Amino acid sequence: MKDIKSILKERILVLDGAMGTMIQRYNLEEEDFRRGWFENHNKPLKGNNDLLSLTRPEIIKEIHAAYYEAGADIAETNTFSGTTIAQADYDLESAVYDINFQSAKIAREVAEEFTAKEPNKPRFVAGSIGPTNRTASISPDVNDPGFRGITFNELVEAYTLQINALIDGGVDILLVETVFDTLNAKAALYAIDEVFEVRKMKLPIMVSGTITDQSGRTLTGQTTDAFLISIAHMDLLSVGLNCALGASMMRPYLQILDKQCEFGVSAHPNAGLPNEFGEYDETAELMSEQIKAYLDESLVNIIGGCCGTTPDHIKAIADLAKKYSPRKIPVHVN
């Protein structure tokens, strides 16, 4: 099978869509998040979607299959909140290894089923590494600007556990995503580097930041080009943007990455902006029309969807991406 770096030069790769949006369709109850694992747990667990890889694995399998069927080349593991830091809210730090290992294993099984059916279109699994619910750069206490809710070393420790479990479960790629604080991302990248060194192996790494509003900056105040410079010391498969903005509003920031990025460029925007109920109204057709502008300008190598996107959105995007050549990745000369 060709490696992903080679394929990236030949065609645009399609990332899957939202996991949470699909899970909502199942109208799950508290029992679904406990079944067989956390029956007597002391805290409510409904909404802790990462647990479903343990308690309702068939649902996660169905969702991965639906996205691969729609044309996705890469599926993200159900591990966005799979760190001890995020799971501490539920007193479930002890479940973190199992969450990540089983999530990777489920996605790997589905990927292999689809690759066996279509060997000319191998499917890949990206281990989703979320930003955690803490920030290393900003004080959570307005009266104490020097205070931090988390340290760099604590982040590294949490990410190291997650990364090892994802690799043990069989991921092909590590995806550090929805980066709102680049210091958190640097902790994840440091942990990845350390794990690779210990295990004497490497996997492709994707990094995806999030522009929080139309100021064009991350939550911690970095512009797109500053974000890129902060992480460009790593050997990355791609740098991109996801979440927060809809496709049309993300385009100017992808244009910046296109000009300056020596790696692949990825984008997985939301299906527009949320309405007053927190739902996403943008249809597959409308979203793919906006993404066509990216493709017309050859801005991306990897394209997918974030919040509010479904297999319908991914199918429309995949059908469109087939007709275009990928962005040319600059050859880096030292």
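The values are calculated or read from the model by the stated rules, or taken from the named source; none is laboratory data. Since the model is a prediction, treat every value here as computed from it, not as a measurement. We place every Cβ from the backbone using ideal geometry, glycine too, and count neighbours over all the protein chains shown.
Checking L52, L45, L28 one by one, the residue that is in a loop (DSSP other than H, G, I, E, B), among the hydrophobic types (A, V, I, L, M, F, W, C) and free of Cβ contacts under 8 Å to residues at least 40 places away in the same chain is L28 and no other. If I filter segment 215-226 for residues that are within 25 Å of D172 (Cα to Cα), crowded, with 16+ Cβ neighbours inside 10 Å and aliphatic (A, V, I, L, M), do I get at least one hit? Checked segment 215-226: no residue is within 25 Å of D172 (Cα to Cα), crowded, with 16+ Cβ neighbours inside 10 Å and aliphatic (A, V, I, L, M). Against the test of being in contact with an Asp or Glu (Cβ under 6 Å, 6 or more places away or on another chain) and either part of a loop (DSSP other than H, G, I, E, B) or surrounded by 22 or more Cβ atoms within 10 Å (Cβ to Cβ) (or both), the options G272, G240 yield a single qualifying residue, G272.
Figure legend. Inter-residue proximity from segment 272-287: first residues under 16 Å from G20 (Cβ atoms) and aliphatic (A, V, I, L, M), second residues at pLDDT 85 or above and assigned to a loop (DSSP other than H, G, I, E, B), beta-carbon distance below 9 Å, spacing 6+ or different chains. No pairs are indicated. Considering only residues in segment 56-72 that are among the β-branched types (V, I, T) and either under 18 Å from the mean Cα position of the chain (by Cα) or within 15 Å of S128 (Cα to Cα) (or both), the one that is surrounded by the most Cβ atoms within 10 Å (Cβ to Cβ) turns out to be I63. Checked against (1) among the acidic types (D, E); (2) within 19 Å of V300 (Cα to Cα); (3) not in a helix (DSSP H, G or I), D213 passes all but a single condition, namely (2). Reported count of residues in segment 4-20, each being touching a residue at least 40 places away in the same chain (Cβ under 8 Å) and more than 26 Å from T310 (Cα to Cα), is 2. The single condition among (1) among the charged types (D, E, K, R); (2) touching a Gly at 6+ places or on another chain (Cβ under 8 Å); (3) surrounded by fewer than 20 Cβ atoms within 10 Å (Cβ to Cβ) that E93 does not satisfy is (2). Just to verify a result, which residue in segment 228-237, among those that are of a type in the set (A, V, I, L, M) and assigned to a loop (DSSP other than H, G, I, E, B), is surrounded by the most Cβ atoms within 10 Å (Cβ to Cβ)? For segment 228-237, the residue satisfying everything is L237.
Within segment 1-22, if we keep just the residues that are touching a helix residue (DSSP H, G or I) at 6+ places or on another chain (Cβ under 6 Å) and part of a loop (DSSP other than H, G, I, E, B), the residue that is surrounded by the fewest Cβ atoms within 10 Å (Cβ to Cβ) turns out to be I12.
Scanning segment 121-152 for residues that are farther than 30 Å from A111 by Cα and touching a helix residue (DSSP H, G or I) at 6+ places or on another chain (Cβ under 8 Å) turns up R134, T135, A136, S137, I150, F152. Taking the condition within 20 Å of M206 (Cβ to Cβ), in contact with a Gly (Cβ under 8 Å, 6 or more places away or on another chain) and either of a type in the set (A, V, I, L, M, F, W, C) or surrounded by fewer than 20 Cβ atoms within 10 Å (Cβ to Cβ) (or both), does A75 pass? Taking the combined requirement at face value, the residue does not satisfy it. Looking across A65, A88, one residue alone is within 27 Å of F124 (Cα to Cα) and either part of a helix (DSSP H, G or I) or touching a strand residue (DSSP E or B) at 6+ places or on another chain (Cβ under 8 Å) (or both). It is A65.
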